[in-house]
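The values are calculated or read from the model by the stated rules, or taken from the named source; none is laboratory data. None of these values were measured; they are calculated from a predicted model. Counting neighbours? That spans all protein chains shown, and the Cβs are built from the backbone with ideal geometry, glycine included. Side chains are part of the model used for accessible areas, which takes the heavy atoms of the whole protein and leaves out ligands, DNA and RNA. Shrake-Rupley method; radii C 1.70, N 1.55, O 1.52, S 1.80 Å.
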Amino acid sequence: MDIQQQLAALERRVQHLEALAQQGIAPDESPESPDARPLRPASRRVPQRDNLDARPAGTARALYEAARKPVSVRDFGDLNVEQWFGQRGVLAAGVLLVTLAGAYFLKIAIDRGWISPLARCLAAMLGGLVVAALGWRRAARGTRTFGAALIGLGAGLVYLGIWAAASWYALIAAEWGIAGLALVAIATSVVAYRLDIELMGSVAAIGALAGPVVIVAPDSSADMLLLYLAGIAATLGVAAVRREWHHTTRLIVLGSALLAVAAADSATAILACGYAVAGGIAVLAFRHRWPGLAVVGFLAAWRILVEAPIVAGQAWLLIGSGLLLGALILRDAMQTNQIWPDGAVLEHAERWSLRESFFFYATPIMLHSVVAAAVPDWATLHPGAIALVLAVPYLIMGFLRVGTLRRSRSPFALVGTSAAALAALNWPGNGLGAVVALLGMALLWSWLDHLQQQSDGRWYALLALGCAWLQFRVVARAADGAAFVDAYALTQWLGLLVLVILARGLWRIVAADRGEVSADARRPWHALGINQDDFFVLNDTLPPVIVRLLWVSAGFLLIAGVTQELSRLMGQVGLAVEVIPLASGLAVSAWWALCAGALVVFGFSRKITAVRIAGLVVASLAVVKVLFFDLANLDQLYRVGSFVILGVVLLWVAYLYHRQAAAVERE
């Protein structure tokens, strides 16, 4: 059989399959046709794979089912270049050209006065309705994309006609024009919902949100704008969420947020607060599906509350709205372990959630801003009071570990400590009272850790210590304050005492408290990673490096504090002006030498190498000061005294080291 005969046989088989398809009979169920006999190759040069009957039976059925399946535009997921230009490119060009033709014709008609303004607007709207109806008919007959494009074109013409009637020609009131644009957008969104075309839904959302912008009412009301945005969100927004149109939902949320924030300062308080609360609840409801949009909507809701105008007697409305939004976040926070740095997350095989952590930590900040905006005069007269009021419930929840998961206390305690520290930093006065309060907070958190067999409170103690140091640095000391005994100096010694108490007793390794020595506790601090598991190793073991840092901080504070007070004392004992710097230099050198000797002696007595090394470091600093400062600036007598004191101390230190070496050799 030659090639021509094989092609003829193949054509007969195709005709037979078409006849079976019209009768609704599968190829595998049909009787054998007269031309269904196997095709044998005419020679060995024809490969066996060209035998059509060599295909498995499932292939014929699959081809048959594919042939019977109606072809839809949505099946062309991967269009080639020709199909793309033929189906989409040419369609878009046609829609664009028709739109431009309508616009140019409208311009010519306007310039030459062919038709009246009313006729122009009615022609645009009627023409748009006709085109939209034609598009709906084509979409119902299977050409879905083509029909949707015609519907969008018709909606655009109607939109243009209403806009021209309300804006250019003032044939209708601006409010009615905006309402008409909204109805066109809603109708377009209904069609998009029925056809499940997100692009059309996005265009409808843009048209609805652009209505109040393209048509400006002379006596526009911010309250009406908020109601309008609420209606758009309740219709277009619900449709977009149900269809899971991500881009359309983003347009609605972002556009509504921007317009609402812009109108908040001119709206009535009750309407602005209601819109903010309703919008905040709505975006929080789908924050798990669209976290980015939830963040934007959440921040916009708080911003509307801050911008809302408050008249006398309505501050409670703003504060109550903020508390309602905050209560929703706190309720969810008490039922989850995904907020950093909750330690129970490992027990429930979970990971920290950046989204939930953001909502939790942003809430007290936003609530502080809302309360400050509601009662600005009171907030100005009582700085730090709002932060203190916010700190109380967070500290209570952090201390009592309330919630469904009762080990969840770390995030609440962290927020409460930060708020209390902020309150102390902003409390009126010279600032020393805030330092004392923060030092007391550090001791309290460490003590509560031992009381409840926890370990996270000592980290909050470090936070309080850091805030206390920052506050102490900015405190202005009285010029006539007595050295060593004024309020500034006493606060400094109190900080030294707190460091010693923490290093000596309150900061202890949890495993050692139970009589155990954890292997993780012996890991060097630089070996601890920053991932979640290693974080809890750090949290549970409280590595000894923290204790060493506390001792180093205490020693530095002692040396630096006494140095400062000695210089101050020399200026208060009645010495001559030219003698004060000489006496100060000698006193400081002597103090550093004594500190070096004391550290070395203490290190030998307790057999602590680190303390002895610290003594040698201080001694080195004293030598540098004597050689490079005292030698150049001190008088001869003071210079001799400085050399003698430092030399005697260094000889004593050297003697201690030689004695230690001799004792080791005897052993």
Query raised in the report: Restricting the search to region 121-145, which residues are over 42 Å from the mean Cα position of the chain (by Cα) and either closer than 19 Å to Gly177 by Cβ or touching a residue at least 60 places away in the same chain (Cβ under 8 Å) (or both)?
Result: Cys121, Leu122, Ala123, Ala124, Met125, Leu126, Gly127, Gly128, Leu129, Gly142, Thr143
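From the list Val306, Val296, Val311, Val283, which residue is within 24 Å of Ile206 (Cα to Cα), open to solvent by 20 Å² or more (accessible area, probe 1.4 Å), out of contact with any Pro (no Cβ under 9 Å at 6 or more places or on another chain) and not polar (S, T, N, Q)? Walk me through how you get there before you give the answer.
Values: Val306 fails: within 24 Å of Ile206 (Cα to Cα); Val311 fails: within 24 Å of Ile206 (Cα to Cα); Val283 fails: open to solvent by 20 Å² or more (accessible area, probe 1.4 Å).
Of Val306, Val296, Val311, Val283, the one residue that is within 24 Å of Ile206 (Cα to Cα), open to solvent by 20 Å² or more (accessible area, probe 1.4 Å), out of contact with any Pro (no Cβ under 9 Å at 6 or more places or on another chain) and not polar (S, T, N, Q) is Val296.
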**Report entry** Single condition Val600 does not satisfy, out of (1) open to solvent by 30 Å² or more (accessible area, probe 1.4 Å); (2) among the β-branched types (Val, Ile, Thr); (3) within 53 Å of the chain's Cα centre (by Cα)
**Finding:** (1)
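State whether the residues of region 572-580 include one that is within 28 Å of Trp469 (Cβ to Cβ) and either within 56 Å of the chain's Cα centre (by Cα) or of a type in the set (Val, Ile, Thr) (or both). Explain how you work it out, then say what you get.
Step one: of region 572-580, the residues within 28 Å of Trp469 (Cβ to Cβ) are 572.
Next, only the ones that are either within 56 Å of the chain's Cα centre (by Cα) or of a type in the set (Val, Ile, Thr) (or both) stay: 572.
For region 572-580, residues within 28 Å of Trp469 (Cβ to Cβ) and either within 56 Å of the chain's Cα centre (by Cα) or of a type in the set (Val, Ile, Thr) (or both): present.
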Query raised in the report: Among the residues of region 168-185 satisfying the criterion of being open to solvent by 50 Å² or more (accessible area, probe 1.4 Å) and touching a residue at least 40 places away in the same chain (Cβ under 8 Å), which is nearest to the chain's Cα centre (by Cα)?
Result: Glu175
Query raised in the report: What number goes with the only condition from (1) free of Cβ contacts under 8 Å to residues at least 12 places away in the same chain; (2) part of a helix (DSSP H, G or I); (3) open to solvent by 70 Å² or more (accessible area, probe 1.4 Å) that Val577 does not pass?
Result: (2)
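Going through region 289-311 one residue at a time, which ones are part of a helix (DSSP H, G or I), farther than 15 Å from Thr363 by Cβ and not hydrophobic (A, V, I, L, M, F, W, C)? Write out each step before concluding.
Keep residues of region 289-311 that are part of a helix (DSSP H, G or I), which gives 291-307.
Narrowing further to those that are farther than 15 Å from Thr363 by Cβ: 291-293, 296, 304, 307.
Matches in region 289-311: Pro291, Gly292, Glu307.
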Report summary line: Screening Ala476, Ala482, Ala424, Ala437 for residues that are touching a helix residue (DSSP H, G or I) at 6+ places or on another chain (Cβ under 7 Å) and either surrounded by fewer than 19 Cβ atoms within 10 Å (Cβ to Cβ) or touching a residue at least 24 places away in the same chain (Cβ under 8 Å) (or both) leaves only Ala424
**Report entry** Candidate set: region 455-470, residues that are touching a residue at least 40 places away in the same chain (Cβ under 8 Å) and of a type outside the set (Gly, Ala, Ser); chosen: the one nearest to Ser553 (Cα to Cα)
**Finding:** Leu462
Requested in this report: Looking only at region 630-641, decide whether some residue is open to solvent by 40 Å² or more (accessible area, probe 1.4 Å), under 21 Å from Gly561 (Cβ atoms) and either of a type outside the set (Asp, Glu) or in contact (Cβ under 8 Å) with a residue 24 or more places away in the chain (or both).
Outcome: no
